[in-house]
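Just below is one structure, and these are the notes that go with it.
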Amino acid sequence: MSKKLLFVFILIFVSAFAMAATTYTMKKGDNLSTVAQKYGVSVSDIIKANNIKNPNKVNVGTKLIIPPKTTKYTVQKGDTLTGIAKKYGTTVAALKSTNNIKDTDKLYVGKILTIPGGSTSNNNIKPAANTAQKPAPKPAATPATKPANTAQKPAAPVNEKAPYFWPAEGPREPLTGKLKGTMISADKNAVVHSVSTGTVKYVGQYRGMGNVILVENNSGYIYIYGGNEDTMVNIGDKVSPGTELGIPLANMETGKSIVYFCVWKDGNPVDERKAPRT
């Protein structure tokens with residue numbers, strides 16, 4: 001897959017995710033501090049999410065992307081990652097990824113954890129400030145080739161009831177406009193799974209849209225999984241149907257997670273329901 005084609009994918013997803021994200025339009029008398037207080041996030045996170053160059057010059061009418069709220073939790077005696085994840089409606093995988101915890105690390109009393117999307121109702125929780133974002137991995141180097149413009153005939157239909165036919169469970173609706181595919185409303189504790197075999201070609205975070213994962217199979221189909229808060233794979237990893245790819249980002253207002261799923265081939269979108277699952 002060429003870098004040019006990869007860039008096109010990302011541009012399309014930036015547009016689509018910007019429409020789905022929580023936004024706020026600046027009004028007279030607003031400043032970044034008042035908006036941050038309103039949504040329970042830090043000023044620095046709003047600056048990062050919107051790539052603001054001068055925080056003191058955000059004009060009335062400016063539409064801001066509001067990043068997901070995070071909180072801090074201090075580990076107590078008897079705590080486990082499983083118990084903390086259950087208590088705050090997240091997953092062990094999300095806690096590990098957010099806090100850079102390895103399987104060999106011990107959870108000691110007094111350790112401060114960042115809870116992705118957690119509630120601030122507990123007295124032991126303080127709103128997160130200046131939450132560090134994991135830098136987006138650089139795309140793997142690929143030969144610069146010009147994408148073909150000829151449409152490819154999609155593979156034969158497959159059984160939609162088969163395991164991992166969809167990357168996540170939940171009500172589905174079609175995406176329209178430039179982004180052709182399916183939007184899945186999943187539970188907040190959902191995990192995004194691969195629907196096919198292939199190689200991870202890209203894992204990257206973009207402001208206001210979470211992480212996007214691109215998987216390419218041997219036939220040249222590109223499977224695109226968007227809306228992730230955390231990822232479980234790296235560029236170059238081999239995946240198969242059922243491989244866990246990421247944790248979707250929960251919407252602050254609805255509590256639901258939105259998973260975006262699309263399939264492309266030779267620079268053109270194809271019917272994701274008919275793309276190979278093996």
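Every number here is computed from the coordinates shown, using simple stated rules; none is lab data. Please read all numbers here as calculations on a predicted model, not as lab measurements. Note that each Cβ is placed from the backbone with ideal geometry, even for glycine, and that neighbours are counted across all protein chains shown.
Figures for the structure shown
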{"read-out": "Amide H within-cut-off set for Leu64, under 5 Å, with H built and near neighbours excluded", "value": "Tyr24, Thr25, Met26"}
{"read-out": "Whole-number percent relative contact order across the range 23-65, with pairs defined as alpha carbons under 8 Å at least 6 apart", "value": "63 percent"}
{"read-out": "Nonlocal amide H pairs with Ile115, under 5 Å, H built at 1.01 Å", "value": "Thr71, Lys72, Tyr73"}
{"read-out": "Whichever aspartates and glutamates have a C-alpha closer than 20 Å to that of Lys274, once near sequence neighbours (fewer than 8 apart) are set aside", "value": "Glu160, Glu169, Glu173, Glu216, Asp266"}
{"read-out": "Restraint check, Lys48/Lys256; Lys27/Lys87; Lys63/Lys188; Lys48/Lys102; Lys57/Lys256; Lys57/Lys180, Cα-Cα greater than 29 Å", "value": "Lys27/Lys87; Lys57/Lys256; Lys57/Lys180"}
{"read-out": "Residues Lys102 and Thr23, FRET efficiency given R0 of 45 Å [Cβ-Cβ distance, rounded to 0.05]", "value": "0.80"}
{"read-out": "Inter-label distance, nm, simple model (7 Å from Cα along the C-beta direction), Asp266/Asn54", "value": "5.0 nm"}
{"read-out": "Cross-link partners of Lys111 among aspartates and glutamates (Cα-Cα below 18 Å; sequence separation of 8 or more within a chain)", "value": "Asp79, Asp103"}
{"read-out": "Neighbour net charge for Val60 - beta-carbon separation under 13 angstrom, K R +1, D E -1", "value": "+3"}
{"read-out": "Relative packing of peptides 36-46, 56-66 - highest average C-beta neighbours within 10 Å first", "value": "36-46, 56-66"}
{"read-out": "Cut-off under 5 Å, modelled amide H: who pairs with Leu245 long-range", "value": "Val192, His193, Ser194"}
